[in-house]
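*Asks:* One structure, as structure tokens, below. Some questions next.
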Amino acid sequence: MHIKSIILEGFKSYAQRTEINGFDPLFNAITGLNGSGKSNILDSICFLLGISNLSQVRAANLQDLVYKNGQAGITKATVSITFDNANKSQSPLGFETHDEITVTRQVVIGGRNKYLINGVNANNTRVQDLFCSVGLNVNNPHFLIMQGRITKVLNMKPPEILAMIEEAAGTRMYECKKISAQKTIEKKEAKLKEIQTILDEEITPTMQKLKEERSSYLEYQKLMREIEHLSRLYVAWLFVCAEETKVKSAEDLKAMQDSITQLQANMADNENKVQELSAQIQELQKKRDQEVGGVLKGLEETLSEVQRVDAKAQSAVDMKKQNLAEETKKRKELVKSMAEDKKILVVKEAEVSKVAEKLSALQEEGQKDSAALEAAQCHFKAVSAGLSTNEDGEEATLAGQMMTCKNDISKADTEAKQAQMKLKHAQQELKAKQTEVKKMDSGYKKDQEAFNTVKKNKEKLEADMEKLQYQDGKEEGLLDRKRQLNREVTTLRNTYESLMSRFPNLRFDYSDPERDWDRSRVKGLLANLITVSDVCYSTGLEVVAGGKLYNVVVDTEVTGKKLLEKGELKRRYTIIPLNKISARTLNATQGLSPPWNVHTALSLVGYEADLRKAMEYVFGSTLVCDTLDNAKRVAFDKRVMTKTVTLGGDVFDPQGTLSGGARSQSASVLSSLQELREVQDSLSATETELQALDKQLSGLKGTAERYRLFKQQLDMKTEELDILQVKLHQSSFHKQQEELKMLLKTIEECEETLRSSKEVQKKADEKYKVLEDKMKNAEAEREKELKAAQQKVNSAKTKADAFSKKLKERQQEAESLVLELEELKREQTGYEQQILAVDEAMKTIQEQIDNMSTTVAENKVPFTSWSNTVKCPPPHQLGKSTEANHMRERTNESQLKIKELEHNISKHRKDSQDAAAKVVVTDQTP
């Protein structure tokens, strides 16, 4: 392999593209004058071979290799060397099929340093391996033997000679790779040590902690089993208590019935006594009416006089109120009139602004007419003085205008001659350039055809990429989203497990009792089947449900039986079959006043329609109130008499028991269950999205691979296209084409200049002839212009007078509108003052009404006293009435006691029934 040609562009002293050919396969020498660039050719070879010590090519950095450091408009240095690879035995590895190998290195100021091998981008390592495989290592200290180095080579020590031989033999490359591999091994060993440290310091302690948590969990399970055993003992104790309650209730029931019989007898005696007292009171009333007839008559006359005075005062108060109403009506009318005038005021202001705009426009028009009159007068004076108006509107004499025309003709003739000479020179140069272009057309056509072929291939690749309908980076984006979703699923699962560990009773797992088991028959734990409308009711509802919150709801008793026998349940459960369960519901909130804020527990939970019976069984017979006082009133109200629970979990039972006190500080099960359900929904949604994403990625894999293959090919074609385009633009043929275009443009400009010069010359000649005619008839032309100027002055005066008249009319109209506007503003001010006066009068009348009302109230005090004197009965009659009232109160108290005893009887009967039911349920519990 040997050098065939070198192409330099922008490298050191070679500013333009320079190609060096004719290299001998065995020996070459570069000769030339001092400063002709001999050393720069050797520097370019070392630069392309990848020399690292830039001092050997006389440069401090890569920027120094660019022509004049980029200050002459050239910003990059490029060196391309074509190697003859005809001898395949000496060919570099991997390039045996190529007859020529073209290596290019380019450095850009402020940019990157890149290599190209046969027009394809390559990294520095690949280029170094290519040259080292054929024994070319420019960084070998013995690669370049400069002046004075021969003696040093002869005096080399054995290790240095061995290194030089290895370099020449090509084994030095493998030695370097060996050293690099040893360094990589050392780095990997350090990484392994770091990983081992992490295992010892972080992972192992975490594993130990998890083992401790496992032992804690096992201890927790043991405690749960003990709790279950104690729960059974508790159920047995409840059974014994229920039996005792049943016996005691029967005894209390008999005692209460006896008390009711005795109270009814007492009520009958009280009724007889009340009748006797009523008869005595009537006799006393008749005697009183006969004795005090005269005294009562005087008091009645005094009372009538007081009533007359009170009526007069009340009449005065009514009159003042009527005056106040009239003043209020008057104020409303004033406000209405003021609003209407305000609307008219807004309309008038708009009219004034429009008239002002029209007046301003009219004044501008008048200024234009005044300017036209002044110009006509100036023109008349100029014509009177013997001047004439030229094309630009300036006043000048005919002689001066003729001189200007001659100058224009002379100037146009000079420009035409110059353009003619320039046109002739450009046409001659164009012919010569066209002849040169035809000679070098063949090489440019080949490059152009290659450029068009690469361009078509690139467009085809782009079309293929568009057909794939794949966006660049889509697969990477989906993978990032998948990793994010995996992290979210892990977090949600940990959160879910953490919440479930706080409430282990919410776990309900079972095995299918038989093959093809329909799991929809088992609805699940009741706690998981309800939703709480408001979190503040969670504690109260949890107390209402109690242990039933963890009961299992199934469709039929058959399903429940199979679940208990073959479901492999991990603990004891109570089953609620929907087809057998029955419960009473209540609507006890009817008739209660709204401030009590009472709800049925069933109305505070949400559930599926087919679960209604189970929900009625658990929540149907209990009320929920917001406070202790309201709960107490509702529970013991005669219309209700129903078990009531507060928001804090305190229970009021109409049977007489109260439950309450401090509760656990941890969140209630139902409020935490809401959080657990939200986490579970988020987890399900995230897992669904993750499955869809996996499916999308599997379907997108083939398309993404094809897209990457096409993109790689497109990048190669784009790079090749850029190189060909640069080559075409830098070729001599292209430069000649650009020069031809410039010459054609110059010819067009010269022809346009000739045409315009001829037109100017023609117009100037015509104008000169007209001016000559005017000079011959100067007197007649002057009279004619003078007459025309006089007509313009008269027309401008007439127009100015008409404008002045119109302006006066507009000004009068604007003044009248302004006066109307001011009048409306004064009326608005008057309305405001009248409203203030009315407000003061209303305030005064209101004060008078208040004073009179106070007087009337004072007069009513003696009136009430005298009225009571007339109506008050004597003391002995009052005593009889008091005694009768006491008897009636005793009767009412007896009735209340009877009702209370009846209520207690119904309560004891209910307790007896509940105790009997508990006994039956306890007997049936396995």
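*Asks:* Restricting attention to the range 36-85, which residues are in contact with a helix residue (DSSP H, G or I) (Cβ under 6 Å, 6 or more places away or on another chain), over 24 Å from THR125 (Cβ atoms) and open to solvent by less than 20 Å² (accessible area, probe 1.4 Å)?
*Replies:* If the condition is that a residue be in contact with a helix residue (DSSP H, G or I) (Cβ under 6 Å, 6 or more places away or on another chain), over 24 Å from THR125 (Cβ atoms) and open to solvent by less than 20 Å² (accessible area, probe 1.4 Å), then no residue fits.
*Asks:* When GLU19 is evaluated against the numbered criteria (1) at positive phi; (2) open to solvent by 70 Å² or more (accessible area, probe 1.4 Å); (3) of a type in the set (D, E, K, R), which criterion, by number, is the only one it fails?
*Replies:* Status for GLU19: all satisfied but (1).
*Asks:* Name the residue that is nearest to VAL598 (Cα to Cα), counting only residues in the range 624-640 that are surrounded by 17 or more Cβ atoms within 10 Å (Cβ to Cβ) and in contact (Cβ under 8 Å) with a residue 40 or more places away in the chain. Break it down into steps so the answer makes sense when it comes.
*Replies:* Here is the first cut: in the range 624-640, the residues surrounded by 17 or more Cβ atoms within 10 Å (Cβ to Cβ) are 624-626, 630-631, 633-635, 637, 640.
Subset that is in contact (Cβ under 8 Å) with a residue 40 or more places away in the chain: 624, 634, 637, 640.
Values: VAL624: 6, VAL634: 8, ASP637: 12, VAL640: 11 Å.
Here the answer is VAL624.
*Asks:* Just checking, which of ASP64, ASP43, ASP24 is assigned to a loop (DSSP other than H, G, I, E, B), of a type in the set (Asp, Glu) and modelled with pLDDT under 90?
*Replies:* Numbers: ASP64 fails: assigned to a loop (DSSP other than H, G, I, E, B); ASP43 fails: assigned to a loop (DSSP other than H, G, I, E, B).
So the residue among ASP64, ASP43, ASP24 that is assigned to a loop (DSSP other than H, G, I, E, B), of a type in the set (Asp, Glu) and modelled with pLDDT under 90 is ASP24.
*Asks:* Would you pick out the residues in the range 1-21 that are in a loop (DSSP other than H, G, I, E, B) and either under 22 Å from LEU130 (Cα atoms) or in contact with a helix residue (DSSP H, G or I) (Cβ under 7 Å, 6 or more places away or on another chain) (or both)? Before the answer, list the steps.
*Replies:* Step one: of the range 1-21, the residues in a loop (DSSP other than H, G, I, E, B) are 1, 10, 12-13, 15-17, 21.
Scanning the range 1-21 gives MET1, GLY10, LYS12, SER13, ALA15, ARG17.
*Asks:* May I pose another question? Could you tell me which numbered condition GLU466 fails, if it satisfies all but one of (1) more than 30 Å from GLN712 (Cβ to Cβ); (2) open to solvent by 80 Å² or more (accessible area, probe 1.4 Å)?
*Replies:* Evaluating GLU466 over (1) more than 30 Å from GLN712 (Cβ to Cβ); (2) open to solvent by 80 Å² or more (accessible area, probe 1.4 Å) leaves (1) as the failure.
*Asks:* Another question, if that's okay. Just the residues that are open to solvent by 70 Å² or more (accessible area, probe 1.4 Å) and either modelled with pLDDT under 90 or among the charged types (D, E, K, R) (or both), please, taken from the range 177-197. Steps first, please.
*Replies:* Filtering the range 177-197 for residues open to solvent by 70 Å² or more (accessible area, probe 1.4 Å) gives 177-179, 182-183, 185-189, 191-196.
Result: LYS177, LYS178, ILE179, LYS183, GLU186, LYS187, LYS188, GLU189, LYS191, LYS193, GLU194.
*Asks:* Condition first: of a type outside the set (A, V, I, L, M, F, W, C), surrounded by 13 or more Cβ atoms within 10 Å (Cβ to Cβ) and in a loop (DSSP other than H, G, I, E, B). Now tell me which residues in the range 93-137 satisfy that.
*Replies:* HIS98, ASN118, GLY119, SER133, GLY135, ASN137
*Asks:* I've got another one for you. Going by the conditions given, is THR703 out of contact with any Leu (no Cβ under 9 Å at 6 or more places or on another chain) and modelled with pLDDT of 80 or more?
*Replies:* Working: out of contact with any Leu (no Cβ under 9 Å at 6 or more places or on another chain): no; modelled with pLDDT of 80 or more: yes.
For THR703, the condition - out of contact with any Leu (no Cβ under 9 Å at 6 or more places or on another chain) and modelled with pLDDT of 80 or more - is not met.
*Asks:* For the subset of the range 506-535 comprising residues that are in contact with a strand residue (DSSP E or B) (Cβ under 9 Å, 6 or more places away or on another chain) and over 18 Å from VAL554 (Cα atoms), which member is most open to solvent (accessible area, probe 1.4 Å)?
*Replies:* Checked the range 506-535; the qualifying residue most open to solvent (accessible area, probe 1.4 Å) is SER533.
*Asks:* Would you be able to say whether some residue in the range 544-553 is without any contact (Cβ under 8 Å) to a residue 40 or more places away in the chain, among the small types (Gly, Ala, Ser), open to solvent by less than 10 Å² (accessible area, probe 1.4 Å) and under 25 Å from VAL669 (Cα atoms)?
*Replies:* No, the range 544-553 contains no residue that is without any contact (Cβ under 8 Å) to a residue 40 or more places away in the chain, among the small types (Gly, Ala, Ser), open to solvent by less than 10 Å² (accessible area, probe 1.4 Å) and under 25 Å from VAL669 (Cα atoms).
Results for (1) open to solvent by less than 90 Å² (accessible area, probe 1.4 Å); (2) over 60 Å from the mean Cα position of the chain (by Cα), shown as yes or no for each residue.
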| site | (1), (2) |
| --- | --- |
| LYS805 | no, yes |
| VAL818 | yes, no |
| LEU821 | yes, no |
| GLU827 | yes, no |
| GLY830 | yes, no |
| GLN833 | no, no |
| THR844 | yes, yes |
| GLN848 | yes, yes |
| MET852 | yes, yes |
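*Asks:* Would the range 763-786 turn up any residue that is assigned to a helix (DSSP H, G or I), among the acidic types (Asp, Glu), surrounded by 12 or more Cβ atoms within 10 Å (Cβ to Cβ) and at pLDDT 75 or above?
*Replies:* yes
*Asks:* Cβ contacts < 8 Å: first residue at pLDDT below 85, restricted to the range 450-462; second residue polar (S, T, N, Q) and part of a helix (DSSP H, G or I), any location; separation 6+ or different chain. Result?
*Replies:* Qualifying pairs under 8 Å: PHE451/GLN725; LYS458/THR718; LEU461/GLN713.
*Asks:* Report yes if THR490 is assigned to a helix (DSSP H, G or I), of a type outside the set (Gly, Ala, Ser) and without any contact (Cβ under 8 Å) to a residue 24 or more places away in the chain, otherwise no. Break it down into steps so the answer makes sense when it comes.
*Replies:* Working: assigned to a helix (DSSP H, G or I): yes; of a type outside the set (Gly, Ala, Ser): yes; without any contact (Cβ under 8 Å) to a residue 24 or more places away in the chain: yes.
In short, yes.
The values are calculated or read from the model by the stated rules, or taken from the named source; none is laboratory data. Computed from a predicted model, the values in this text were never measured in an experiment. Reconstructed Cβ throughout: ideal geometry from the backbone, glycine too, with neighbour counts over all protein chains shown. To get the accessible areas, we keep the full protein, side chains included, count just its heavy atoms, and leave off ligands, DNA and RNA. Shrake-Rupley method; radii C 1.70, N 1.55, O 1.52, S 1.80 Å.
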